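S.K.: Handing you this structure, nothing more for now.
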Amino acid sequence: MMNDLFRGELTRLAAVDAEKMSKAWERWNRDVLFRRLLDNEPPTLWSAKKIQQWIEKELERGDQRFSFSIYPLDSERLIGFVELNVASWQHGNAWVGIGIGEREDWNKGYGTDAMRLVLRYAFDELDLYRVSLGVFAYNPRAIRSYQKAGFVIEGRERGALLRDGERSDVLVMGILHSEWEAQQGAMQEASGG
Ligand SMILES: CC(C)(COP(=O)(O)OP(=O)(O)OC[C@H]1O[C@@H](n2cnc3c(N)ncnc32)[C@H](O)[C@@H]1OP(=O)(O)O)[C@@H](O)C(=O)NCCC(=O)NCCS
């Protein structure tokens, strides 16, 4: 039987509904810790309307970008986003970004499960060669989650981030198509399939 591309063990990926997503982002943006784990931009407090306009524009950017909403399998509650950006079709390279918005949803396996879905999409569907990401050294939860999904640390940009007067490293992590396939094979073997 064919896999359902967009359903994992804990989460499902759905289309981005710009209105729903912008309301969620308006709330998530107020959590400065979330923003400081997520990216290196100064946290902003945009209105839902402005966020919606931004999302709508981004969604028009076409065939380089694959954006999804994350929902738990058993609920209609939007809990996060994940986005795959193809940097080069020629070389088969993409970057991925993920966020689970509410702290109470962290550490429940949702992020790793959704990441596995996007990796399956990247490798089985798009036939990419590698997927990369950047993560801050002070975010061990994210690093652990990415390692569980199969990423390895490939590099360290020393002191690339300045926060509250302190410099932190940014880690570059990556996973290759061949590593993904080996992991799938090992998981199938372990489950007796
Ligand atoms: C990063 C993120 C996507 C991970 O998703 P998640 O659903 O919370 O992660 P999971 O529950 O699948 O896995 C987290 C793992 O980290 C571990 N962990 C949590 N805190 C940790 C810590 N301080 N040190 C080491 N490991 C830690 C958990 O125990 C779990 O590992 P385990 O299953 O082996 O026990 C999510 O937490 C998130 O969006 N956080 C805020 C924004 C963010 O950091 N985005 C990523 C930017 S690169």
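S.K.: Among the trypsin sites (Lys or Arg not before Pro) within segment 49-145, which fall in a DSSP loop and have no more than 12 other Cβ atoms within 10 Å of their own Cβ? Provide the component values of the computation, followed by the final result.
M.R.: Values: sites: Lys49, Lys50, Lys57, Arg61, Arg65, Arg77, Arg103, Lys108, Arg116, Arg120, Arg130, Arg141, Arg144; in loops: Arg61, Arg77, Lys108.
Answer by residue number: Arg61, Arg77.
S.K.: Can you give the charge dipole size of segment 11-190 about its Cα centre, rounded to the nearest 20 debye, using +1 on the beta carbon of Lys and Arg and -1 on the beta carbon of Asp and Glu? Before the final figure, lay out the partial values.
M.R.: Numbers: 25 positive and 28 negative charges, 121 e Å.
Using Cβ point charges on Lys, Arg, Asp and Glu, segment 11-190 gives about 580 debye.
S.K.: First compute the accessible area of the chain with a 1.4 Å probe, then give the percent of it belonging to carbon and sulfur atoms. Please report the intermediate quantities before stating the final value.
M.R.: Details: 5370 of 11000 Å².
In the chain, the share of accessible area belonging to carbon and sulfur is 49 percent.
S.K.: With every protein chain kept in place and ligands, DNA and RNA left out, what is the accessible area per residue of segment 65-148? Probe 1.4 Å, answer in Å². Before the final figure, lay out each step's value.
M.R.: Working: 3670 Å² over 84 residues.
With all protein chains present, segment 65-148 gives 44 Å² per residue.
S.K.: In segment 1-107, which chymotrypsin sites (Phe, Trp or Tyr not before Pro) are in a loop and have at most 13 other Cβ atoms within 10 Å, using DSSP for the loop call?
M.R.: Working: sites: Phe6, Trp25, Trp28, Phe34, Trp46, Trp54, Phe66, Phe68, Phe81, Trp89, Trp95, Trp106; in loops: Phe6, Trp46, Trp89, Trp106.
Answer by residue number: Trp89.
S.K.: Restricting to bridges with both residues inside the chain, how much of the DSSP beta-bridge set is antiparallel, in percent to the nearest 5?
M.R.: Percentage antiparallel, nearest 5: 90.
S.K.: If I take R0 = 30 Å and measure r between the Cβ atoms of Glu189 and Ile153 in this structure, what FRET efficiency does the formula 1/(1 + (r/R0)^6) give, to the nearest 0.05? Spell out each step's value before the answer.
M.R.: Values: r = 26 Å, r/R0 = 0.86.
My answer for the efficiency is 0.70.
S.K.: For Phe66, what charge total do you get from the other residues with a beta carbon under 14 Å from its beta carbon, if Lys and Arg give +1 and Asp and Glu give -1?
M.R.: Details: positive: Arg61, Arg65, Arg120; negative: Glu58, Glu60, Asp63, Glu83, Asp124, Glu125, Asp127.
Cβ neighbours under 14 Å give a net charge of -4.
S.K.: Still on this model: Enter the mean projected area of the convex hull around the alpha-carbon atoms of the chain, in nm², rounded to one decimal.
M.R.: Numbers: hull surface 46.6 nm².
Mean orientational projected area (the chain, Cα hull): 11.7 nm².
S.K.: Let me ask something else about it. Within 10 Å of each candidate Cβ there may be at most 12 other Cβ atoms; applying that plus a DSSP loop requirement, which GluC sites (Glu not before Pro) in segment 11-85 survive? Could the numbers behind the result be given before it?
M.R.: Details: sites: Glu19, Glu26, Glu56, Glu58, Glu60, Glu76, Glu83; in loops: Glu60, Glu76.
Loop-located and lightly packed - Glu60, Glu76.
The values are calculated or read from the model by the stated rules, or taken from the named source; none is laboratory data. Source: prediction; values computed, not measured. Heads up, the Cβs are rebuilt from the backbone with ideal geometry, glycines too, and the neighbour counts pull from every protein chain shown. When the accessible area is computed, the model is the full protein with side chains, heavy atoms only, and any ligands, DNA or RNA have been set aside. Shrake-Rupley method; radii C 1.70, N 1.55, O 1.52, S 1.80 Å.
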